[in-house]
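The values are calculated or read from the model by the stated rules, or taken from the named source; none is laboratory data. Predicted model only: the values in this text are computed from it and were never measured. Here the Cβ positions follow ideal geometry from the backbone for every residue, glycine too, while neighbour counts run over all protein chains shown.
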Amino acid sequence: MIQSESFPPAILSAASALPPHYFEQERLTSRLRELWSSRHSDLRRFDQIQESLGIKGRYLALPMTDYPPLDTFASTNDAWIKVAPELGGSAVSAALERAGVSPDQVDHLFFVTVTGIATPSIDTRVIRALGMKPNVKRTPIFGLGCVAGAAGLARATDYVRAFPKEIAVLMSVELCSLTLQREDLSVANIIASGLFGDGAAAAVIGNGARAHARSPRVLATRSILYPGTEDVLGWDVGNSGFKIVLSARLADLIANNIEAEVDSFLGENGLNRSEIQHWVAHTGGPKVLRAIEDSLALPEGALARSWRNLGDMGNLSSASVLFILEDLMRAEVARPGDYGVLIGMGPGFSMELLLLRW
């Protein structure tokens, strides 16, 4: 059952940041077609895959002319280190302003990414740039992939539940365009080249006593890992960087498991699906969203925000659920007492579920 807490942790705000370089999908597809035309045996199949994604355009970390010289893992990662702190800092700054929290009031900064690496991690640069206190606690998390936005929220609420007087911030930065594998002509890479975009997002989590009408409380969370599914989704890391692992089994794995997982999670908290007014689902792609809709028998339009986010900017990996959560919170459509479920999925194969209440 739902834990009895006077003031469960609340998501005080969510905010996003996008690079200034936006390109319509057809232009991006055209450049990829030029790159692979001499080696791809069936360009019609390439075009069909790109069109099936239903994406209108995406934001890229860099101007398109800056990508050709980035021909090594070192060069792409250097570009990631340059762009990520500025973009992530913009998202955090906006989230703090919306929450009415100053940077020096932040007690713990959680940082998630799967598209670049740095030691020290880039949260150190954001702390310095925003003027956070030097004794702020840091938890950088790498490797959770697309599920990390939901998992990061869950871990941040765990922290605030343990330390109710403190404030946590989650920052997600994903620059997926910098992981493009030019020599990989696999179907998985062709899908990824048309699916993923760049962006950053942040959320501020505090004691529910600080919450306002738009702030959902996090009543419960659940983490699920399916052993033996490491080959379904993730990276193979090689000399050229991060090579996508994306199995055709993914949609079936979701379809075969998500109903039971969600129903069990809600049942433990005395609820059923009919009592959920708001669904925040990761934009894994058209097949993933359809699998969620069909398996959970969601009402028409329940995932409209996820579909719109996917079409407007592609899959932003861990940042996607935070973009959708921000959209929902700013729309002010949730009424006091409404329930919501936030769903993330990623490598492992893994799921993360959060039960929200306004």
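Structure notes:
- Cβ-Cβ under 6 Å pairs, at least 6 apart or on other chains, segment 103-123 side farther than 24 Å from V245 by Cβ, far side in a loop (DSSP other than H, G, I, E, B) and small (G, A, S): P103/G131
- Residue within segment 256-277 that is in a helix (DSSP H, G or I), in contact with a Lys or Arg (Cβ under 6 Å, 6 or more places away or on another chain) and not assigned by TED's automatic domain parsing to the domain that holds V92 present: yes
- Some residue of segment 285-302 being closer than 19 Å to V187 by Cβ, touching a Cys at 6+ places or on another chain (Cβ under 7 Å) and in contact (Cβ under 8 Å) with a residue 12 or more places away in the chain: no
- Among the candidates R155, R125, the residue that is more than 19 Å from the chain's Cα centre (by Cα) and charged (D, E, K, R) is uniquely R125.
- Any hit, segment 278-297, residues being more than 17 Å from L253 (Cα to Cα), in the same structural domain as P347 (by TED's automatic domain parsing) and surrounded by fewer than 17 Cβ atoms within 10 Å (Cβ to Cβ): no
- Hey, G284 closer than 25 Å to D231 by Cα and assigned to a loop (DSSP other than H, G, I, E, B) or not: yes
- Within segment 211-250, the set of residues being surrounded by fewer than 19 Cβ atoms within 10 Å (Cβ to Cβ) and of a type in the set (G, A, S) comprises A213, S223, G228, G238, S240, S247, A248.
- Annotation note: Cβ proximity below 8 Å between a residue of segment 247-262 that is closer than 11 Å to K287 by Cα and a residue that is crowded, with 19+ Cβ neighbours inside 10 Å and aromatic (F, W, Y) (sequence gap 6+ or interchain) occurs for L250/F349.
- In segment 212-241, the residues that are in a loop (DSSP other than H, G, I, E, B), more than 24 Å from E332 (Cβ to Cβ) and touching a residue at least 24 places away in the same chain (Cβ under 8 Å): Y226, T229, E230, V232, N239, S240
- Residue match in segment 333-341 (condition: outside the structural domain of Y22 (by TED's automatic domain parsing) and farther than 25 Å from P8 by Cβ): no
- Selection count, segment 242-255, where residues are among the aliphatic types (A, V, I, L, M) and either assigned to a loop (DSSP other than H, G, I, E, B) or over 30 Å from D78 (Cβ atoms) (or both): 6
- Residue within segment 18-36 that is among the hydrophobic types (A, V, I, L, M, F, W, C) and modelled with pLDDT under 85 present: yes
Yes or no, residue by residue, for (1) of a type in the set (S, T, N, Q); (2) surrounded by fewer than 19 Cβ atoms within 10 Å (Cβ to Cβ); (3) part of a helix (DSSP H, G or I):
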site: R308; (1), (2), (3): no, yes, yes
site: D312; (1), (2), (3): no, yes, yes
site: V321; (1), (2), (3): no, no, yes
site: I324; (1), (2), (3): no, no, yes
site: D327; (1), (2), (3): no, yes, yes
site: R335; (1), (2), (3): no, yes, no
site: V341; (1), (2), (3): no, no, no
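- In segment 301-342, the qualifying residues are those that are modelled with pLDDT of 95 or more and among the acidic types (D, E), and the one that is farthest from E24 (Cα to Cα) is D338.
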